[in-house]
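First comes the structure, then the notes that go with it.
The values are calculated or read from the model by the stated rules, or taken from the named source; none is laboratory data. Please read these numbers as outputs of a predicted model, since none were measured by experiment. Quick reminder, even Gly has a Cβ in these numbers, built from the backbone with ideal geometry, and neighbours come from all protein chains shown. Ligands, DNA and RNA are excluded from the accessible area calculation, which covers all protein heavy atoms including side chains. Shrake-Rupley method; radii C 1.70, N 1.55, O 1.52, S 1.80 Å.
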Amino acid sequence: QKEVEQNSGPLSVPEGAIASLNCTYSDRGSQSFFWYRQYSGKSPELIMSIYSNGDKEDGRFTAQLNKASQYVSLLIRDSQPSDSATYLCAVTDGGNNRKLIWGLGTSLAVNP
Amino acid sequence: EPEVTQTPSHQVTQMGQEVILRCVPISNHLYFYWYRQILGQKVEFLVSFYNNEISEKSEIFDDQFSVERPDGSNFTLKIRSTKLEDSAMYFCASYPQGASTDTQYFGPGTRLTVL
């Protein structure tokens with residue numbers, strides 16, 4: 001069974017701080033890795049995608065990938081109250097189908 | 001910017017009834033997916049569809065489920081005889097052929113409530 005694991009939280013950080021979210025995955029064949037943000041009752045919204053080892057930065061967000069450790073992380077700098085949401089880690093199945101395997105999500109609360 | 005749309009946004013039905021959830025993928029996309037998310041649980045893959053046929057389905061996607069692309073734009077998920085445990089958010093996603101990334105584009109979801 002292919003799994004994606006995340007700490008469910010809640011993770012609570014003060015406004016302006018760095019939030020660090022982590023994810024591990026079991027399928028060594030996974031090639032693509034995504035972070036989605038989900039507000040309650042809404043569909044997942046893509047925040048970041050990463051495909052190769054190392055860091056990828058986009059504005060206040062940095063995704064980090066380590067395929068050897070099967071580990072993906074997301075850093076949110078200068079956290080804002082509007083960043084409060086559940087962050088879902090998703091990875092592609094190692095087969096050819098590109099279906100996504102999802103973590104349960106980490107709930108982030110940014111306190112003013 | 002093109003987007004995936006889904007209708008209805010909320011569907012309430014009685015157990016045992018048939019429901020059809022509708023999706024309009026982005027027009028030049030050729031891979032289509034249905035996922036569901038039961039409240040408080042992980043998003044789960046249901047089925048993928050390419051070239052007018054199912055390319056993969058999960059264990060959840062039993063004989064009660066079917067998918068169709070009845071015309072060039074709509075992509076539907078039918079549940080023949082709904083059960084209480086089918087209550088969930090259902091998300092449609094699509095993906096273009098030949099894209100350099102694996103990014104799937106998600107619709108806003110349909111909340112299905114089975115009473």
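For A:Met48, the conditions (1) at pLDDT below 95; (2) open to solvent by 70 Å² or more (accessible area, probe 1.4 Å); (3) among the aliphatic types (A, V, I, L, M) all hold with the exception of (2). Does at least one position in the stretch B:2-13 carry a residue that is in contact (Cβ under 8 Å) with a residue 24 or more places away in the chain, away from chain A (no Cβ under 13 Å), of a type in the set (D, E, K, R) and over 16 Å from B:Tyr90 (Cα atoms)? Checking the stretch B:2-13: not a single residue is in contact (Cβ under 8 Å) with a residue 24 or more places away in the chain, away from chain A (no Cβ under 13 Å), of a type in the set (D, E, K, R) and over 16 Å from B:Tyr90 (Cα atoms). If I ask for residues that are farther than 14 Å from A:Val13 by Cα and open to solvent by less than 40 Å² (accessible area, probe 1.4 Å), which ones from the stretch A:65-86 would you list? Hits for the stretch A:65-86 are A:Leu65, A:Gln70, A:Val72, A:Ser73, A:Leu74.
Per the listing B:Glu56, B:Glu85, the residue uniquely more than 10 Å from chain A (Cβ to nearest Cβ) and open to solvent by 50 Å² or more (accessible area, probe 1.4 Å) is B:Glu85. Restricting attention to the stretch A:75-104, the residues that are over 26 Å from B:Pro96 (Cα atoms) and either within 10 Å of the chain's Cα centre (by Cα) or in a loop (DSSP other than H, G, I, E, B) (or both) add up to 8. Filtered by the rule that a residue be in contact with a Leu (Cβ under 7 Å, 6 or more places away or on another chain), of a type outside the set (Lys, Arg) and under 21 Å from A:Arg98 (Cα atoms), the stretch B:1-37 gives B:Trp34, B:Tyr35. Looking at B:Phe61, is it in contact with a Leu (Cβ under 7 Å, 6 or more places away or on another chain) and assigned to a loop (DSSP other than H, G, I, E, B)? When the stated conditions are applied, B:Phe61 passes them.
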